[in-house]
Each structure stands twice: as structure tokens, then as C-alpha cells.
Amino acid sequence: MKIKLSPRLEVIADCVAGAKLIADIGTDHGYLPVYLVENAMVSRVIASDTNWQPLKKAEKIINEQQLQKQIETRLGSGLSVLKPGEVEAVVMAGMGGLLIRDLLEAQPEVARQLKKLVLQPMNNQAVLRKYLEATGFRIIREDLAREGDRVYEVIVAVPGKMIMTNPLEYELGFEFYTSKHPLLLPLIERKIFLEQQIVLNTEGKITAVAKKQWQESSLFIEKLNEVKRCLSN
């Protein structure tokens, strides 16, 4: 029985296609590696996780599908499970943007030799995009996936230079204004909702941190609403 992926993992799988050897960092249950190999989208996968429990679940599915020769599991943190040049691409999905940044930063000798990064940060997407820009990676694709109320952002980057000319590109994706993605408007609406929660939580508070956060979130909402109006016209 073939694995069926969630919309989020389907988008990630599509972004991975084209690489022969990849690593799925933080593989969890191992659905993505199994799907990629079963559908001949990659030839070999190293599936890693920091904990034994999810890795054992991944190994069970890999064994059931008889894919032990194509998918190898490794226990460890981030890119520390890899040797420089061992794989062409890595997937880091379902973790925070700050953690993804830190994992790339922790193993620069591995990160520098990767031909493709497929990243799906759960938060702090702007921080991650700024890091990629500053460390010699160029975003070549941005994609979105929707599950329930949440819109997930998927970033594909390769070695190269990139300069973002619009500050909102850090928040909404590289060249978001030309992408015309059908989920861009729902993404903006979700971000507005989250910022409105921050405004409500900091409104009327007298600490300097709260005042600064209220001001920044209020200004960000204004900018997002402006983009929303442009997209709606």
C-alpha cells in the first residue's frame, strides 16, 4: 500500500523532485522518504531524527514497504548526521525557522556543499530568509500549502546571490508580488490574524517591550492590509 501525503508534504515532495540523493532532517514518521522513493522522485534518502521513538516508527514503515536499501535511518541532530557532499539536497520541515537557521549554521562544511535546500519553517520565516540571503543562498522557489486554518510556507534555495528589494519579501516570500499564488491571500490573512492577537495582548501595557511590540505589529498589519487590497483589486 502506497503512502499518501498531507497537502504540506505533497508540496515539499514536489520541491524535492530532481535530486537523486537527499536527507530528510527530522523525518518524524518517515512518510516523506517512503513516498519519494516509491514514486521514483529520488533514488536514495537518509532519514534522520534526534529521537529514537519517531525513528523507530519510520523504520517500521520503511521495512513494511521493503525500502531498507534505498532509505537509511540515522539518529542525530541536524546536519551532524551527514558528511560534506554526501547528499545533494536536504529537507528541513515542520520545525521553527530559528532552529532551521541554527542547524544550518552549526554544520557550515555540510551546508556549503548542498545543491538544494527545501525548508518548511513553522514560524520566523522572515529570519530564515534573511539568513539565506546573508549566507550565500538564493531562493529559487516559494510555495504554499493549506491544511485547515494554517497556510504553510515552503522555501527552496540553492547556492548563489540574492538581494531582496522589498522588505515584505522576507515575510511573504521572495518575489511574492509576481507569484500570484492562490494561497497568498489566505497567508496574508493568517498573518494579520496572528499580529492582531499580539496587538490585543500588548494594548495598553506600559512596559517598553510591550509598547514596541504593539507599535511594530500595528504597523505590520497596515502593510499587510495594503498588500491585501492590491491583490484583491
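The values are calculated or read from the model by the stated rules, or taken from the named source; none is laboratory data. Just so we're clear, the structure is a prediction, and the values are computed from it rather than from any experiment. Cβ atoms come from the backbone with ideal geometry, glycine included; neighbour counts cover every protein chain shown. Accessible surface areas use protein heavy atoms only, side chains included; no ligands, DNA or RNA. Shrake-Rupley method; radii C 1.70, N 1.55, O 1.52, S 1.80 Å.
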Residue match in the range 111-118 (condition: over 20 Å from residue 157 (Cα atoms) and modelled with pLDDT under 95): no
Conditions (1) among the β-branched types (Val, Ile, Thr); (2) over 20 Å from residue 142 (Cα atoms); (3) part of a helix (DSSP H, G or I); (4) open to solvent by 20 Å² or more (accessible area, probe 1.4 Å); number of the one not met by residue 3: (3)
Helices (runs of 4 or more DSSP H) completely within the range 128-206 that count 1 or more residues being closer than 28 Å to residue 112 by Cβ and out of contact with any Gly (no Cβ under 8 Å at 6 or more places or on another chain): 169-172, 176-179
Flag for residue 54 being open to solvent by less than 70 Å² (accessible area, probe 1.4 Å), part of a helix (DSSP H, G or I), modelled with pLDDT of 95 or more and farther than 22 Å from residue 160 by Cα: no
Subset of the range 211-233 [modelled with pLDDT of 90 or more and aliphatic (A, V, I, L, M)]: 219, 221, 224, 227
Residues being in contact with a Phe, Trp or Tyr (Cβ under 9 Å, 6 or more places away or on another chain) and either surrounded by 15 or more Cβ atoms within 10 Å (Cβ to Cβ) or closer than 21 Å to residue 21 by Cα (or both) - total across the range 95-113: 5
Per-region count, the range 23-47, residues buried (at least 24 other Cβ atoms within 10 Å of the Cβ), in contact with a Ser or Thr (Cβ under 9 Å, 6 or more places away or on another chain) and not in a loop (DSSP other than H, G, I, E, B): 6
